[in-house]
Amino acid sequence: MASLICTLRDHQDDVNWCSFSARLLATCSGDKTLRLYDAHDFSELPFSPLTGHGYSVHCCCFSPCGQFLASCSTDASTLVWSMVTGDIEAVLEHPGRSPVRICALSPDSAHLVSGASDGTLALWNFPSKKLSRTGGVNDTTMVACSFSPCSQMFMTGSTYGDLRLWDLDLNHLLAEKNAHDLGVSCCSFAPSILSGGQVVQFRLASCGQDCHLKIWAISKFASGGFKMILLHTLAGHTAPVLCCAYSSDGQLLVSGSVDKSVKVYDANNAVLLYTLNQHERYVTACSFSPTSPLIATGSMDKTVNVWRLEDRCSGHGFKEESAETSCKADPPLSPPSGKATAGLSKLLVADWSERDVTEWLVEEGLEGLVDKFKANNIDGTELLSLTKETLASELGIESVGLRSKLLRKVEELKNDSVCSGIPDEFLCPITRELMRDPVITAG
């Protein structure tokens, strides 16, 4: 069952995008503003709305730990906002001053990509907020972008109808030139990485003006080559599909359409689970909460609806720390009697809860980081994705020695899986974590 739990009516124009972090919901609109809500009770934050753009705000996305929010606009800029104060941290002016239609942050917080209406792309170093590279495609408008879960490449979609995979040097890795007739609207990588033998595989969802939602398999071979295969075409909508997003575990997929409906699918089996009809105009935005079975949908009717998924969807692997529980203070910690990692050895590190990570920090002599980790909702998945840039820019760990020590300890956790006797084909070659759903693919 899916139930509507609240409707937010604060925007004065079309809602163009919505995005969840563990604690907040952000929305942006043609009214030039962004609005921030507490993901627990959906009360608006004291410093909301954010008013820094001069024209319509097309897209917004949180940094992985939720400390920053990036937004882009017709005013040809991408702004980076502090989620502590609501202040503008940086103004990134797009090369050529073309309207910016899309922006995306890499899962490791190292890179930000912005795409413009003239087909150009700008790759920014996110910690320094400096422009790294520019590239793009002529005679089209960039309207979609999503980073792979390994942060080493990203997919873009354009009004021309093509999907293009890029590396961090803005080299083309592959292109699907007729992915959607009449244009791509949105694309989204699933968060999981599948591995087998000499192949690493990713899932990507895309949608477009052809009224279709598509699921693709993207394979990276040890030789350096790439291959993109269409797995499913979902034709449930009766009009152009404007937005799509995966759940945090990759098990569910949501889409919104010009037909005013929202559809939720079992992503693995391409089976329709729910159709949600509440919006009065086109559905332009959708986002899953990373910590609760919640979906936010935005529309040209100027509203944002928040839905709760229950029953069949409740078993789809949402992290146990829901928006409600994450807002409650944890009980005082007592030092564990044995090695924390020994007590957690039956769990993959990626399955650790925030509590498990806290116990591990204490056991490793890093108890001074507990408050920072709790404040940023760091669980096992986030722990494995931490980088020196994330630690410095988002968690505010200034000590170089402390950052190095923490990263060494994380690397030891990754190496434990290598030494555990698990066959190598079941380990992700990037994170060295055991794959939940290994796929053995012939090279």
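The values are calculated or read from the model by the stated rules, or taken from the named source; none is laboratory data. All of these numbers come straight from a predicted model, not from anything done at the bench. Cβ coordinates were reconstructed from backbone atoms using ideal geometry, including for glycine residues, and neighbour counts include every protein chain displayed. These accessible areas exclude ligands, DNA and RNA; they are computed on the full protein's heavy atoms, side chains included. Shrake-Rupley method; radii C 1.70, N 1.55, O 1.52, S 1.80 Å.
General remarks:
- Look at (1) surrounded by fewer than 23 Cβ atoms within 10 Å (Cβ to Cβ); (2) closer than 29 Å to Tyr282 by Cβ; (3) of a type in the set (D, E, K, R) and you find that Lys214 fails only one, number (1).
- Any hit, the range 252-261, residues being in a strand (DSSP E or B), under 23 Å from Leu309 (Cβ atoms), open to solvent by less than 50 Å² (accessible area, probe 1.4 Å) and charged (D, E, K, R): no
- Listed conditions (1) charged (D, E, K, R); (2) surrounded by fewer than 19 Cβ atoms within 10 Å (Cβ to Cβ); (3) under 30 Å from Asp31 (Cα atoms) are all met by Lys227, apart from (3).
- Residues in the range 81-99 that are within 21 Å of the chain's Cα centre (by Cα) and crowded, with 20+ Cβ neighbours inside 10 Å: 3 in all.
- Those helices (runs of 4 or more DSSP H) of the range 345-406 in which at least 1 residues are open to solvent by 30 Å² or more (accessible area, probe 1.4 Å) and under 24 Å from Val80 (Cβ atoms), considering only elements entirely within it, cover 370-375, 380-384, 388-393.
- Residue in the range 100-112 that is touching a helix residue (DSSP H, G or I) at 6+ places or on another chain (Cβ under 6 Å), surrounded by 23 or more Cβ atoms within 10 Å (Cβ to Cβ) and outside any strand (DSSP E or B) present: yes
- Residue satisfying condition, being touching a strand residue (DSSP E or B) at 6+ places or on another chain (Cβ under 7 Å) and in contact (Cβ under 8 Å) with a residue 12 or more places away in the chain, within set His172, His94: His94
- Residue selected from the range 1-19 under the condition among the β-branched types (Val, Ile, Thr) and either open to solvent by 60 Å² or more (accessible area, probe 1.4 Å) or more than 25 Å from Val100 (Cα to Cα) (or both), by the criterion modelled with the highest pLDDT: Thr7
- Evaluating Ser128 against the criteria (1) within 20 Å of Cys60 (Cα to Cα); (2) touching a residue at least 12 places away in the same chain (Cβ under 8 Å) leaves one unmet condition, (2).
- In the range 159-209, of all residues being among the hydroxyl-bearing types (Ser, Thr, Tyr) and crowded, with 24+ Cβ neighbours inside 10 Å, the one that is nearest to Ser287 (Cα to Cα) corresponds to Ser188.
- Unmet criterion (only one of (1) at pLDDT 80 or above; (2) open to solvent by 70 Å² or more (accessible area, probe 1.4 Å)) for Asp424: (1)
- Within the range 281-298, the set of residues being in contact (Cβ under 8 Å) with a residue 40 or more places away in the chain and either farther than 22 Å from Ile102 by Cβ or under 15 Å from the mean Cα position of the chain (by Cα) (or both) comprises Ala285, Cys286, Ser287, Phe288, Ser289, Pro290, Thr291, Ser292, Leu294, Ile295, Ala296.
- Within the range 47-75, restricting attention to residues that are within 18 Å of the chain's Cα centre (by Cα) and polar (S, T, N, Q), the residue that is surrounded by the most Cβ atoms within 10 Å (Cβ to Cβ) is Ser71.
- So Leu36, is it free of Cβ contacts under 8 Å to residues at least 60 places away in the same chain and crowded, with 21+ Cβ neighbours inside 10 Å: yes
- Selected residue (criterion: most open to solvent (accessible area, probe 1.4 Å)) from residues of the range 275-293 that are closer than 20 Å to Phe189 by Cβ and assigned to a loop (DSSP other than H, G, I, E, B): Pro290
- When we screen Ser299, Ser292 for residues that are modelled with pLDDT under 95, small (Gly, Ala, Ser) and under 21 Å from Phe42 (Cβ atoms), the only hit is Ser292.
- Residues located in the range 124-146, provided they are open to solvent by less than 40 Å² (accessible area, probe 1.4 Å) and either of a type in the set (D, E, K, R) or under 23 Å from Gly183 (Cβ atoms) (or both): Gly135, Gly136, Val137, Thr140, Thr141, Met142, Val143, Ala144, Cys145, Ser146
- Thr78 vs. criteria out of contact with any Ser or Thr (no Cβ under 7 Å at 6 or more places or on another chain), open to solvent by less than 30 Å² (accessible area, probe 1.4 Å) and on the phi < 0 side of the Ramachandran plot: no
- Assessment of the range 145-162 against the conditions (on the phi > 0 side of the Ramachandran plot, of a type in the set (Ser, Thr, Tyr) and under 17 Å from the mean Cα position of the chain (by Cα)) yields at least one matching residue.
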